[in-house]
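Enquirer: Sharing a structure with you now.
The values are calculated or read from the model by the stated rules, or taken from the named source; none is laboratory data. Since the model is a prediction, treat every value here as computed from it, not as a measurement. Note that each Cβ is placed from the backbone with ideal geometry, even for glycine, and that neighbours are counted across all protein chains shown.
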Amino acid sequence: MTERESNRKPEKKATGTVEWSCPSNIAIVKYWGKKPVQFPMNPSLSLTLRNALTHTRIDYSYDPRLEGLQVGFRFEGKRNPAFGDRVSRYLEGLLTLMPFLRHLRMEIDSSNTFPHSSGIASSASAMGALAMCLVSMESRMAYVYSSADFFRRASYVARLGSGSASRSIYPGLALWGASDGWPESSDEFAIPVTGYHRCFDGMKDSILIVEPGQKKVSSSAGHALMDTNPYSRTRFQQARENLRTLKGILAEGDWHGFIDLMEEEALSLHAMMMTGRPGYLLMQPGTLSILGRIREFRKETGTRVGFTLDAGANVHLIYDMGQERVVRDFIGSELLQYCVENRVIHDEMGAGPVEKSQ
Ligand code: DP6
């Protein structure tokens, strides 16, 4: 993929706009641990969300006299130097892969549909939306991609910004990282997961906000701690095996197998945080109460509902769309008490990025 760019020269005077929205995702099998440059230590699989989106628009003009990046960045209408610096560093790193960027002036405007304090992974949707815009620009100015190659290229470019962003490029379920039993899979980009049982269609994710706010420990710092974690090898092996097992579970429509594996992954992720050097703890008392209550409720009622966790205290309640009513009642009567200001964000399996520019 990387060698395939630039078979056409950019037009001498090009101005235009590209605009995409891209969803966030929640991992079922977790990516935790990486090696340079942004390759995962194990494959991961995620659910693409529908409502938690980043909208990104880039107004650009091409000027052959320019040498080097000229980028302005606004987040939710305001100049945001912290985000702007991250975006600039990311774009600098892409100059060899996307040489046309050297001659562009760009104004980037970005906004999220979800609150910053919700604990939803904004780097996945933000880097996903940016990558979709960049590859749209590339396909106008340097190389025309077929549809499948376009998304693969976008996933590759997104991965360089944030590993989990590589998976946000696809609807439904997405897999990133070379994995036995998934012939097309690669460490370089994510692929869409197809062939799963219809019972998983429209799966729901209700995010219980136990603790709003930014991540206490950045993902980068967390990934880095896996380099010295005494249990990391076993963890990487576990994730690889879980992905092999998950293939059968998804094909057969085994909801309870899915839940067991998903919960094991969530607890393993947090076990890695606790056993790092230094170790840290992101779960709060409310998190533990919710996890315990979900397991009891499932045992009592047989409902197809389970939990997963991101790098934070909030709980993602994943459930069968057919059981929405019973789960919503359960949330209302038993779980809201553990949420800050009764906050829950309801989301579900989504259809992937959408282009807004013409
Ligand atoms: C716990 O993708 O945020 O959400 O590649 O450094 O940007 P970077 O890390 P990031 O890590 C995500 C970790 C996770 C699990 C997952 O999404 O698989």
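Enquirer: Tally up the residues in the stretch 224-244 that are away from the ligand (no atom under 14 Å from the Cβ), under 24 Å from L288 (Cα atoms) and charged (D, E, K, R), please.
Expert: 0
Enquirer: Residues that are over 28 Å from P171 (Cα atoms), at pLDDT 90 or above and within 13 Å of the ligand (Cβ to nearest atom): which strands (runs of 3 or more DSSP E) entirely in the stretch 1-102 hold 2 or more of them?
Expert: Those strands (runs of 3 or more DSSP E) do not exist here; none qualify.
Enquirer: Looking only at the stretch 286-314, count every residue that is in a helix (DSSP H, G or I) and either in contact with a Phe, Trp or Tyr (Cβ under 7 Å, 6 or more places away or on another chain) or of a type in the set (F, W, Y) (or both) and tell me the total. Give the derivation first.
Expert: Going residue by residue through the stretch 286-314, those that are in a helix (DSSP H, G or I) are 286-301.
Adding the requirement that they be either in contact with a Phe, Trp or Tyr (Cβ under 7 Å, 6 or more places away or on another chain) or of a type in the set (F, W, Y) (or both) leaves 286, 289-291, 294, 297.
Of the residues in the stretch 286-314, 6 are in a helix (DSSP H, G or I) and either in contact with a Phe, Trp or Tyr (Cβ under 7 Å, 6 or more places away or on another chain) or of a type in the set (F, W, Y) (or both).
Enquirer: Still on this structure, please answer the following. With respect to the numbered conditions (1) surrounded by fewer than 17 Cβ atoms within 10 Å (Cβ to Cβ); (2) β-branched (V, I, T); (3) more than 24 Å from the chain's Cα centre (by Cα), which one is the sole condition not fulfilled by V327?
Expert: Going through the list (1) surrounded by fewer than 17 Cβ atoms within 10 Å (Cβ to Cβ); (2) β-branched (V, I, T); (3) more than 24 Å from the chain's Cα centre (by Cα), V327 breaks only (1).
Enquirer: Taking G163 as the residue in question, decide whether it is at pLDDT below 90 and either in contact with a His (Cβ under 6 Å, 6 or more places away or on another chain) or within 16 Å of the ligand (Cβ to nearest atom) (or both).
Expert: Details: at pLDDT below 90: no; either in contact with a His (Cβ under 6 Å, 6 or more places away or on another chain) or within 16 Å of the ligand (Cβ to nearest atom) (or both): yes.
Judged against the criteria, G163 is not a match.
Enquirer: Here is a further query. Does the stretch 245-261 include one or more residues that are without any contact (Cβ under 8 Å) to a residue 40 or more places away in the chain, out of contact with any Pro (no Cβ under 7 Å at 6 or more places or on another chain), more than 14 Å from the ligand (Cβ to nearest atom) and more than 25 Å from I294 (Cβ to Cβ)?
Expert: Looking through the stretch 245-261, none of the residues is without any contact (Cβ under 8 Å) to a residue 40 or more places away in the chain, out of contact with any Pro (no Cβ under 7 Å at 6 or more places or on another chain), more than 14 Å from the ligand (Cβ to nearest atom) and more than 25 Å from I294 (Cβ to Cβ).
Enquirer: Quick check: is even one residue across the stretch 142-156 closer than 25 Å to R244 by Cβ and either within 16 Å of the ligand (Cβ to nearest atom) or not in a helix (DSSP H, G or I) (or both)?
Expert: Scanning the stretch 142-156 turns up at least one residue that is closer than 25 Å to R244 by Cβ and either within 16 Å of the ligand (Cβ to nearest atom) or not in a helix (DSSP H, G or I) (or both).
Enquirer: Surrounded by fewer than 18 Cβ atoms within 10 Å (Cβ to Cβ), not aromatic (F, W, Y) and not in a helix (DSSP H, G or I): which single residue out of L281, L317 fits that description? Let's see the steps before the verdict.
Expert: On the way: L317 fails: surrounded by fewer than 18 Cβ atoms within 10 Å (Cβ to Cβ).
It is L281.
Enquirer: Filter the stretch 111-132 for residues that are at pLDDT 95 or above and surrounded by fewer than 24 Cβ atoms within 10 Å (Cβ to Cβ) and give the result.
Expert: Result: S111, N112, T113.
Enquirer: Turning to a different aspect of this structure: Out of curiosity, is A239 of a type in the set (G, A, S) and more than 16 Å from G119 (Cα to Cα)?
Expert: Numbers: of a type in the set (G, A, S): yes; more than 16 Å from G119 (Cα to Cα): yes.
The answer is yes for A239.
Enquirer: Taking S206, is it among the hydroxyl-bearing types (S, T, Y) and within 16 Å of the ligand (Cβ to nearest atom)? Explain how you work it out, then say what you get.
Expert: Details: among the hydroxyl-bearing types (S, T, Y): yes; within 16 Å of the ligand (Cβ to nearest atom): no.
No: the conditions fail for S206.
Enquirer: Where in the stretch 167-257 are the strands (runs of 3 or more DSSP E), entirely inside, with at least 3 residues that are of a type outside the set (A, V, I, L, M) and buried (at least 19 other Cβ atoms within 10 Å of the Cβ)? So that I can check it myself, show each step before the final result.
Expert: Values: elements: 173-176, 190-193, 204-208.
Filter on the stretch 167-257 gives 204-208.
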